[in-house]
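The values are calculated or read from the model by the stated rules, or taken from the named source; none is laboratory data. This one's a predicted model, so the numbers in the text were calculated from it and none came from an experiment. Cβ atoms come from the backbone with ideal geometry, glycine included; neighbour counts cover every protein chain shown. The accessibility values were calculated without ligands, DNA or RNA, using every heavy atom of the protein model including side chains. Shrake-Rupley method; radii C 1.70, N 1.55, O 1.52, S 1.80 Å.
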Amino acid sequence: MTDTLIASALAGFEGKFGYAATGVWSAPGRVNLIGEHTDYNEGFVFPFAINRHTFAAISLREDDLIRVASSFSTQTHEARVGSITKDDGHDWAAYPFGVAWAIQEMANSLLKDFAATGFDCYIESDVPVGAGLSSSAAIECSVALALNDIWGASLDRLQLARVGQLGENVIVGAPTGIMDQSASLLGETDHAVFLDCRSLESQSIELGFAREGLELLIIDTRVAHRLVDGGYASRRAACESGAASLGVDSLRDLSLADLGRAQETLDDVTFRRVRHVITENQRVLDTVAILQRSGPRAIGKLMHDSHESMRDDFEISVDELDTAVETAIRHGAIGARMTGGGFGGAAIALTPVEKIGEVSLSVIAEFEALGYAKPNIFAVSAAQGAKREI
Ligand code: ADP
Ligand code: MG
């Protein structure tokens, strides 16, 4: 699969620009195993890079023109190296342009004689868009690693993660955290990235899925994220007001021992939002500890507890996600939960290889019986992070 996509990135580049690319760089999408809505509360997350990748075929130019094209779109977008700004006309090209802008910002402040020239770039990808697998981080990190190499910016992977985030915040205009880029750049085969969103320290933790005969099923419900109705913003606001009422900078500063005080101080809704974040942070810590002590077959309950907390306390699940989770567990999954921001998107189910067929077919049948759209179900494994392919 990878070879085919590299070949198609090279062919796409040549077809668009009429000459051969210098190289191809890839970066994976990611899935978050546990730790939801904890990132903006300066808490813990535990994502891993998946075996679905975005490939960027790139060549430097001698002038200051940037041209980007993608197999996802017929249009080629252009910008000038020194004058990239937020512009609605950029469409998807805001992601590579954002990275080109952010690398220059960072390299100019760190290197004495950093100079960037234009480049041509063609994107190929098998990361599903909008399924909560961060196709956006995959495109950012493949282009960031490529430009870091060909511009000689000498940034390390932590700085490149920041580059992806900065580009997405400023040029795309999405106020996202650094989890997705960290997973895409720091991933290792059969490992997940335990990330402290306050200190930005990270640790690679072995999952042992392959050894234990487990795979992670993605069950994309195809329910579009309904973030537009303010659900996400209102959850963030509840977390902020809860932290303020309890006298802390962020919910990260609270632990299970503070739950009693929180219940006495806060109104019911804010208390439940806060309880989700406090218990979810603890579940990430427990997942890491249990993986190391007892292996992946022991983390199923934590995954399900996480789902219940999002369903009942944070109230960001939908019927399709609940159905996917409960059906998967009933038919042999070790643990399952919704993943991502909520209000739609995907669920994940940690499943023994021999149960993959039964779990998948049962979820499809249950969705059909309930009149839901057909879910898209596929397995992913934990893969190595961004790299130069050729
Ligand atoms: P997610 O990251 O969860 O997949 P986002 O909305 O954050 O969803 O990012 C998806 C956007 O990223 C797409 O709408 C598109 O603008 C851009 N994108 C991702 N992959 C590609 C690609 N291969 N080619 C062009 N644009 C892409
Ligand atoms: Mg994204």
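Here are the numbers for the structure shown:
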| item | result |
| --- | --- |
| The stretch 313-350-the stretch 154-224 distance, computed between alpha-carbon centres (Å) | 20 |
| Mean projection area, nm², convex hull over Cα of the chain | 19.6 |
| The stretch 242-390, accessible surface, carbon-and-sulfur percent (1.4 angstrom probe) | 48 |
| Exposure rank, largest accessible area first [K374, K355; 1.4 Å] | K374, K355 |
| Where GluC sites (Glu not before Pro) in DSSP loops with at most 12 other Cβ within 10 Å are excluded, longest remaining stretch of the chain | 202-390 |
| Amide hydrogen neighbours beyond the local backbone of A174, cut-off 5 Å, H modeled | N169 |
| Virtual spin-label span in nm between R388 and R80, 7 Å along Cα→Cβ | 3.0 |
| Spatial separation of Cα centroids for the stretch 268-293 and the stretch 14-55, in angstrom | 25 |
| Radius 9 Å from Cβ of G35, net charge of other residues (Lys, Arg +1; Asp, Glu -1) | -2 |
| Mean ellipticity per residue at 222 nm, deg cm²/dmol - from DSSP H runs of n ≥ 4 across the chain, formula -39500 (n - 2.57) | -12500 deg cm²/dmol |
| Solvent-accessible area of C239 with every protein chain in place, 1.4 Å probe, in Å² to the nearest 10 | 0 |
| Sequence-distant residues sharing a close amide H with V45 (under 5 Å, placed H) | L195, C197 |
| 15 Å beta-carbon shell around Y19, net charge (K/R +1, D/E -1) | -1 |
| Shape of the stretch 214-380, Cα gyration tensor, a/c cut at 1.5 | oblate |
| Phi to ³J(HN,Hα) by Karplus 6.51 cos²θ - 1.76 cosθ + 1.60 over the stretch 174-182, Hz, x for Gly, Pro | 10, x, 9, x, 10, 4, 5, 5, 4 |
| Computed E for A298/L111 - FRET, C-beta separation, R0 45 angstrom, nearest 0.05 | 0.45 |
| Cα-projected label distance for L259 with R61, points at 7 Å along beta-carbon direction, nm | 5.8 |
| Estimated FRET transfer efficiency (R211, A244; beta-carbon r; R0 41 Å; 0.05) | 0.35 |
